[in-house]
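Quick notes on the structure that follows.
Quick note: the coordinates plus some simple rules give every number you see, no bench work behind them. Note that the structure is predicted; figures quoted are calculated from it, not measured. Methodologically, a virtual Cβ is constructed for each residue, glycine included, from the backbone with ideal geometry; neighbour enumeration extends over all protein chains shown.
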Amino acid sequence: MSEPARKEEPEAGLDAALAKKFYYDMLLIRRFEEKAGQLYGMGLIGGFCHLYIGQEAVVVGMQAALKPGDQVITAYRDHGHMLATGMDPKGVMAELTGRATGYSKGKGGSMHMFSVEQHFYGGHGIVGAQVPIGTGLAFSNRYKKNGAVCLTYFGDGAANQGQVYESFNMAALWKLPVVYIIENNQYAMGTSVERSSATPELCKRGASFDIPGEKVDGMDVEAVYEAGQRATEYARSGKGPIILELKTYRYRGHSMSDPAKYRTREEVQEVREKRDPIEHYGARLLQRGALREDELKGMDKAIRGIVNTAAEFATESPEPSTDELFTDIYA
Amino acid sequence: MSTQILMPALSPTMEEGKLAKWLVKEGDEVRSGDILAEIETDKATMEFEAVDEGRIGKLLVAEGTEGVKVNQPIAVLVADGDDAEEPESVAAIQVKGAREETKQQAEAEVREEVARGKPAARVADDTGRAEAALADMEVPEGTELVTVTVREALRDAMAEEMRRDASVFLMGEEVAQYQGAYKISQGLLDEFGAERVIDTPITEHGFAGLGVGAAFGGLKPIVEFMTWNFAMQAIDQIINSAAKTRYMSGGQMGCPIVFRGPNGAAARVAAQHSQDYSSWYANVPGLKVIAPYFAADAKGLLKAAIRDPNPVIFLENEIVYGRSFPVPKMDEYLVPIGKAKVLRAGKDVTIVAHSICVGQIVEAAEKLAGEGIDAELIDLRTLRPLDTATVIESVKKTNRIVTVEQGWPICSVGSEIASQIVGKAFDYLDAPPTKVTGKDVPMPYAANLEKLALPTIDYIIAAAKAVCYRN
Ligand SMILES: Cc1ncc(C[n+]2csc(CCOP(=O)(O)OP(=O)(O)O)c2C)c(N)n1
Ligand SMILES: [Mg+2]
């Protein structure tokens, strides 16, 4: 499998505050997901729970390229996206444990959370279904001429659903301000891209609609950020949709109950060692002098505190009142 | 300062497991993400990773130990001396305020519903008549009964039919190399090869339609949906193409295909993954719809479905997959499509169910017997054609009927049965036909709400008592 080239080092470096934020946001997602996995193990989270560990650079880099009012939509592997949009870790964790204080009052769970305030439109369980919906959000932006762009995330597996191509056609036809982000973590459950896709270069999937596509190293947060800036600018300028294929990797099983026998332990280990988005970025910032060792440690400690507080909140909050069973069905 | 590492739950249904292997030893330094151990669940061997950093102080459970309970401490992690934080014992986090709904509440609610619900208006139609009464296959005296899981019974049915007929093939997401998302197709790739056991991309509308075309072309596809929730992507091909073609072609050609997979609520998988499609498909002329509970029926009906020249919807249930029941050991065990089964004879009330709810009515009947109510139980097994004859015959005897299903109440299987009974056995009824169904809401995620949203044994008992005018 071809990997996009890593950026040359050393470089001038990003604004130090932004670099720190990148590192912090990625680490928050990692620690949050580790805690979620632990709570699942204790039976405090039920059903499906799809962790984002390994893919953190994707949402952190993309989110930084957005302007206020831009929207985000994704599938069920959504905890990272929510934290990146600024949703409160307490509310996200409490939704995972099915409590009244969760973002969906405990009714949605891991796969179904929304935040109108942060312009996060879910949290969708049906593979591919979010793609036309994200396209429709972009339609509303163009209709209202509000200048906003919709980031529509989907997986390599989802890239084979028919509705993706129906969306591409309409988005190109009507020049809709949408950025399609294919999170290519190389597997859809146990099926590798090579086993499911006639053309594994997913960034080219818009070719027959004249939608430009770009392949990006999704393990390099700055590369993601730069590509995100280019792509959102393109979509915002009225030129229509654009596709980014972000090469990334998930470390954990597809969901908590996937033994992941379709790949070797060595394969996972190699990615962790050679391409981990957080470890490498931390080292890079140290080398660049943007961060000191004690600052890194301090961040980790602060984040562990936030995550533990979220876990306590999520386990101490009450379950929803039984009256909630019949609410929120109709307006 | 030290932290206990607890035995993790590694699937929604796991309660205990085997600590198969330690990958660390006492004294090892670990970091988050390091693999600590291999743990065997009921379905698979899983790796278990560290979350916290530190040194393994002690291993509390020896490798190879079976039956280790979830949340039992299995090791002690010692934090690095210089950076000693608060002792954060994960065991300290407890579920707070998990509220069990009381039995009385359930009964009161059901009674109220029963009191409010008036029987549907008389409908004098004739649809849903069972085909010519079919009898279950004779199982010769002395036939050995083998206890197998429903999962194995389904696999055996497919394997037997694939051995018998080279035009039968299986297609779906993760059916081959992964051995099935729920392990129904375990071993089939090995036996039949990649030409007949085919992993598809995630493209339900596409592969359902492709299956229809393959059936038009003379093959006999078995199309697995990972769950029926995802078949909504494909429902146009199922109904417009598979179900209607025989009629539209004036009988020239049909569509011999089986669409199968788990249906209904699993555990805590929320609104988009927990729907019962029984009445949806039962509504469609041209389809046959099967929803078995017992392993023998799963096997015999799936074999019959694969041989049937019509499109068949085969609704399984994830929670039932792991249950074990006896299956006759015979070369050819077939169960007729369209025939309900009386599971228990009784004189006071008829209770009807299909799929997972059959297990509930069996339990409810035992409890009712303890209270002096003698229930007759019917497992519908097939929903279309619906065996109304068997149900009517029973109601003529008991004069009362309760139907049980997970689906929503409006236009449900129970609605149809009530309509049939009112139309055809009105004079025999001593109480309004009563439905126990899933609640009329999308499935909530929260554990307490999910419990309220599904039929329970308490609801069934309360409904049975209500139609018997007993408290
Ligand atoms: C329509 C539909 N089909 C099947 C599934 C079951 N399913 C859930 S996730 C998944 C794999 C998706 O892989 P990908 O799009 O690559 O996303 P990733 O899980 O890697 O983030 C499948 C098959 C589903 N949820 N919806
Ligand atoms: Mg993927």
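Helix B:204-216 and the longest principal axis of the C-alpha atoms of chain B enclose an angle of approximately 50°.
When every Cα-Cα distance of the range A:44-145 is counted in 10 angstrom steps from zero, the calculated P(r) takes the values 16, 48, 30, 5, 0 percent.
Shielding of peptide A:262-272 by partners, expressed as the average count of other chain Cβ atoms within 10 Å per residue Cβ, is 1. DSSP beta bridges confined to chain B are antiparallel in about 50 percent of cases.
Which entries in the list B:69/B:367; A:247/A:274; B:220/B:303 go over 19 Å, if you measure between the two C-alpha atoms of each? Please list the in-between numbers first.
Values: B:69/B:367 30 Å; A:247/A:274 14 Å; B:220/B:303 12 Å.
As for pairs spanning more than 19 Å Cα to Cα, those are B:69/B:367.
Using only the Cα atoms of chain B, what semi-axes does the equivalent ellipsoid have when each is the square root of 5 times a gyration tensor eigenvalue? Give whole Å, largest first. If you can, show how the numbers build up before the last one.
Working: eigenvalues 365, 190, 79 Å².
Equivalent-ellipsoid dimensions as semi-axes: 43, 31, 20 Å.
Contact order for chain A, expressed relative to its length and based on alpha carbon pairs under 8 Å spaced 6+ residues apart, stands at 24 percent. Largest GNM mean-square fluctuation across A:234, A:225, A:76, computed for chain A with C-alpha springs under 10 Å, falls on A:234. Normalised by 2.2 N^0.38 Å, where N counts its residues, the alpha-carbon radius of gyration of the range A:122-264 equals 1.04.
With no solvent and one point on each alpha carbon, what is the Debye value of log10 I(q)/I(0) for the range B:297-368 at q = 0.15, 0.20, 0.26 Å⁻¹? Taken in order of the listed q values, log10 I(q)/I(0) reads -0.64, -1.05, -1.35. Each Lys or Arg adds one and each Asp or Glu subtracts one; over the other residues with Cβ under 13 Å from the Cβ of residue B:256, this totals +1. Take each peptide in A:323-331, A:197-205, count the other Cβ atoms within 10 Å of every residue, and average; sorted highest first, the result is A:197-205, A:323-331. Taking label positions 7 Å along the Cα-Cβ direction at both residue A:295 and residue A:140, the computed distance is 3.9 nm, reported to one decimal. Using a/c under 1.5 as the rounded threshold, could you call the range A:180-331 rounded, prolate or oblate? The axes a ≥ b ≥ c are square roots of the C-alpha gyration tensor eigenvalues, and prolate needs a/b larger than b/c, oblate otherwise. Since a/c stays below 1.5, the shape of the range A:180-331 is classed as rounded. Between the amide H of residue B:58 and those of B:76, distances stay under 5 Å, these residues lying 5 or more places away or on another chain, with hydrogens modeled in the peptide plane. A DSSP coil position with no more than 15 other Cβ atoms inside 10 Å describes the following trypsin sites (Lys or Arg not before Pro) in the range A:223-304: A:239, A:261, A:263, A:292.
Sequence gap at least 6, Cα distance under 8 Å: using those rules, report the relative contact order of the range B:309-411 to the nearest whole percent. Let's see the in-between values first.
Numbers: 138 pairs, mean separation 35.2, N = 103.
Relative contact order for the range B:309-411 comes out at 34 percent.
Provide a whole-number value for the mean count of partner chain Cβ atoms within 10 Å of the Cβ atoms in peptide B:69-76. Provide the component values of the computation, followed by the final result.
On the way: counts 0, 3, 4, 0, 0, 0, 0, 0.
Counting Cβ atoms of other protein chains within 10 Å of each residue's Cβ and averaging gives 1.
Normalising the Debye intensity of the range B:319-471 to I(0), with uniform scatterers on Cα atoms only, and taking log10 at q = 0.14 Å⁻¹ returns -0.69. Please identify which residues in the range A:226-255 have an amide N closer than 14 Å to a label point set 7 Å out from the Cα of residue A:18, following the Cα→Cβ vector. Under 14 Å, as judged by backbone N against the label point of residue A:18, lie A:226-233 of the range A:226-255. Under a 5 Å amide H cut-off, with hydrogens placed 1.01 Å from N, residue B:148 pairs with B:325, B:327 among residues at least 5 apart or on other chains.
Couplings 3J(HN,Hα) of the range B:310-323, computed from phi: 10, x, 10, 9, 10, 9, 9, 9, 4, 6, 7, 3, x, 7 Hz, in residue order, whole Hz [Karplus 6.51 cos²θ - 1.76 cosθ + 1.60, θ = phi - 60°; x for Gly and Pro].
Would you mind ranking B:15, B:416, A:226 so that the residue whose beta carbon has the fewest other beta carbons within 10 Å leads the list?
Values: B:15 13, B:416 22, A:226 16.
Starting with the residue having the fewest Cβ neighbours, the order is B:15, A:226, B:416.
By its C-alpha gyration tensor, with a ≥ b ≥ c as the square roots of the eigenvalues, how is the range B:417-467 shaped: rounded for a/c under 1.5, else prolate for a/b larger than b/c, else oblate?
oblate
Here's the picture: charge each Lys and Arg Cβ at +1 and each Asp and Glu Cβ at -1 in the protein assembly as shown, and of A:168, B:267, B:243 the one pushed furthest to the positive end of that dipole is B:243.
Roughly what % antiparallel, to the nearest 5, for the DSSP beta bridges in chain A? Just about 10 percent of them are antiparallel.
For the range B:151-157, the Karplus equation 6.51 cos²θ - 1.76 cosθ + 1.60, evaluated at θ = phi - 60°, returns couplings of 4, 5, 4, 5, 4, 4, 4 Hz by residue, with Gly and Pro reported as x.
Using C-alpha pairs under 8 Å with a sequence gap of at least 6, the mean separation divided by the residue count of the range A:93-154 gives a relative contact order of 18 percent.
Rule-of-thumb check for the protein assembly as shown: C-alpha Rg over 2.2 N^0.38 Å?
Values: Rg = 27.9 Å, N = 802, 2.2 N^0.38 = 27.9 Å.
So the Cα radius of gyration is 1.00 times the expected 2.2 N^0.38 Å.
Spacing of the modelled spin labels on residue B:410 and residue B:431, each 7 Å from Cα toward Cβ, amounts to 2.7 nm.
For the options A:258, A:15, A:156, a Gaussian network treatment of chain A with springs between C-alpha atoms closer than 10 Å singles out A:15 as fluctuating the most. DSSP finds beta bridges in the protein assembly as shown, and of those with both partners inside it, around 40 percent are antiparallel.
Rounded, prolate or oblate: which fits chain A when a ≥ b ≥ c are the square roots of the eigenvalues of the alpha-carbon gyration tensor, with rounded for a/c under 1.5 and prolate only if a/b beats b/c? Write out the running numbers ahead of the final one.
Values: a/c = 1.36, a/b = 1.07, b/c = 1.27.
Judged from the Cα gyration tensor, chain A comes out rounded (a/c under 1.5).
With a 10 Å cut-off around each Cβ of A:306-319, the average count of Cβ atoms from other chains is 3.
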